[in-house]
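To keep things clear, I will list the structure first and then write my remarks on it.
A short reminder: the numbers here are calculations on the coordinates, not readings from a lab. A quick note: this is a predicted structure, and the numbers were derived from the prediction, not measured. Cβ: placed from backbone, ideal geometry, glycine included. Neighbour counts: every protein chain shown.
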Amino acid sequence: MTKLNDNYTKLASSYVFRQVNEKTAAFASEHPDLPIYKMGVGNTTRPLAPSVVAALHEAVDRLGSEATYTGYGDELGESYLREALADYYQTSYNVSLTAHEFVLSDGAKSDTANIASLFQPGSTVAVQDPVYPVYVESNVVLGNRIVYLPCVEENNFVPAPPNEPVDLIYLCSPNNPTGTVATKQQLQTLVDYARANDAIIIFDAAYSNFIRDESLPRSIFEIDGAKECAIEMGSFSKWAGFSGVRLAWTAIPQELKVDNVSLLERWRRRQLITYNGPSNIAQAGGLAVLSDIGQRECADIIDYYRVNAQLILSSLRSIGLTVYGGENSPYIWAKVPGSKSSWEFFDELLEHTQVVVTPGVGFGPEGEGFIRISAFASKETTKIAMQRINDYLATGS
Ligand code: PLP
């Protein structure tokens, strides 16, 4: 008889963004005349860089001609793009990885979720709290045990190593949702813990291109010993506006082994079973992102969001709110004033200012009492939204 995987019933009943969307849609249908200012989600809004658009057009044109048409490519990603990523890691981070150690995919979301399938069901998995919900939910459905590592004001939102044995540790820096970035020393402590305790770190670097402070690490492999205990996921989504185009990578050092088995070879095997590789159009765009001009143009796009983040920080600070993140990240983590809960403050802002934020508690218990504000909206929306929040909180009107 067919049986379902009952672990699905253990998932929290509603993913935070779905709940936010439902509440926003209900408000909009009750007040069709009121504009809504969406400052909650981490979706990109700026158009693609011109050099990337040109490369995408050329890739489409190649598909339109019999002489240059290509169908299925390398399931693990085209070698030209994996070579370019290896060069990028060398030049930008002084990290030596070979093209073979990169596996391309359609997203860091799927990679961070799917990687758990390499490990024994029932593994113990440490996650930051608050956390990007994908790590938790993908491990819950596998029947894995979750250990929460509190990320609170007292530890600058960077976790201490677990105080019990764990098999996997998910780390995200710059962090979604707190917007904070782990220092080299903080990551070194976690890498040292992982090596000493035979744990594997899964490092999500989806926002690394927002880091402009040169002293902060942008890849886990900048940390001594990380190649023996860490896997890194990167993405073109937030870096180059590819959230709709879809392109990402997982980097696994050749020397990383569990029970003497190479995790790289296991991951390559896993991808070969389930996946036919990212779109050839997206990969041509990815190569353009990695070119000198592409990198410059994408940095300009990130600067646009960084200006928004500064505006949000200064605006909320000016009315006395306590805010974190936003300096090397597109997310601002703001403390809810008074003793209201995250959802109460969300409802209040929606009702009185029509600004939509994300309730911190949706990212985990330690997110209670915070909201996440995203810098990915347009400059105009960001300005109006901040003005409306300021007017409301300063005067109550
Ligand atoms: N990792 C983090 C921490 C994210 O916040 C997101 C998207 O918001 C992703 C990964 C998704 O990346 P991708 O678009 O490459 O699937």
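Numerical summary
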| item | result |
| --- | --- |
| Any hit, the stretch 81-98, residues being within 16 Å of the ligand (Cβ to nearest atom) and outside any helix (DSSP H, G or I) | no |
| Selection from the stretch 109-124 of residues that are more than 13 Å from Ile252 (Cα to Cα), outside any loop (DSSP other than H, G, I, E, B) and either within 16 Å of the ligand (Cβ to nearest atom) or among the aromatic types (Phe, Trp, Tyr) (or both) | Lys109, Ser110, Ala113, Asn114, Ala116 |
| Residues being more than 11 Å from the ligand (Cβ to nearest atom), free of Cβ contacts under 8 Å to residues at least 40 places away in the same chain and within 20 Å of Asp111 (Cβ to Cβ) - total across the stretch 201-215 | 1 |
| In the stretch 135-152, the residues that are within 16 Å of the ligand (Cβ to nearest atom) and surrounded by 20 or more Cβ atoms within 10 Å (Cβ to Cβ) | Tyr135, Val136, Ser138, Asn139, Leu149, Cys151 |
| Single condition Gly40 does not satisfy, out of (1) within 16 Å of the ligand (Cβ to nearest atom); (2) closer than 20 Å to Ile231 by Cβ; (3) of a type in the set (Gly, Ala, Ser) | (2) |
| Check on Ala67, over 18 Å from Ala182 (Cβ atoms) and not acidic (Asp, Glu) | yes |
| Residue among Phe370, Phe376, Phe346 that is within 25 Å of Gly241 (Cβ to Cβ) and of a type in the set (Phe, Trp, Tyr) | Phe376 |
| Qualifying residues in the stretch 81-105 (those that are farther than 15 Å from Trp267 by Cβ and in contact with a Leu (Cβ under 6 Å, 6 or more places away or on another chain)) - the one surrounded by the fewest Cβ atoms within 10 Å (Cβ to Cβ) | Tyr88 |
| Qualifying residue in the stretch 380-394 (condition: assigned to a helix (DSSP H, G or I), of a type in the set (Gly, Ala, Ser) and surrounded by fewer than 22 Cβ atoms within 10 Å (Cβ to Cβ)) | yes |
| Members of the stretch 84-108 that are more than 13 Å from Ala251 (Cβ to Cβ) and without any contact (Cβ under 8 Å) to a residue 40 or more places away in the chain | Thr91 |
| Which listed residue, of Val158, Val166, is within 25 Å of Asn94 (Cβ to Cβ) and of a type in the set (Val, Ile, Thr) | Val158 |
| Listing of helices (runs of 4 or more DSSP H) fully contained in the stretch 216-318 that carry 2 or more residues being of a type outside the set (Ser, Thr, Tyr), closer than 20 Å to Phe203 by Cα and more than 16 Å from the ligand (Cβ to nearest atom) | 263-274 |
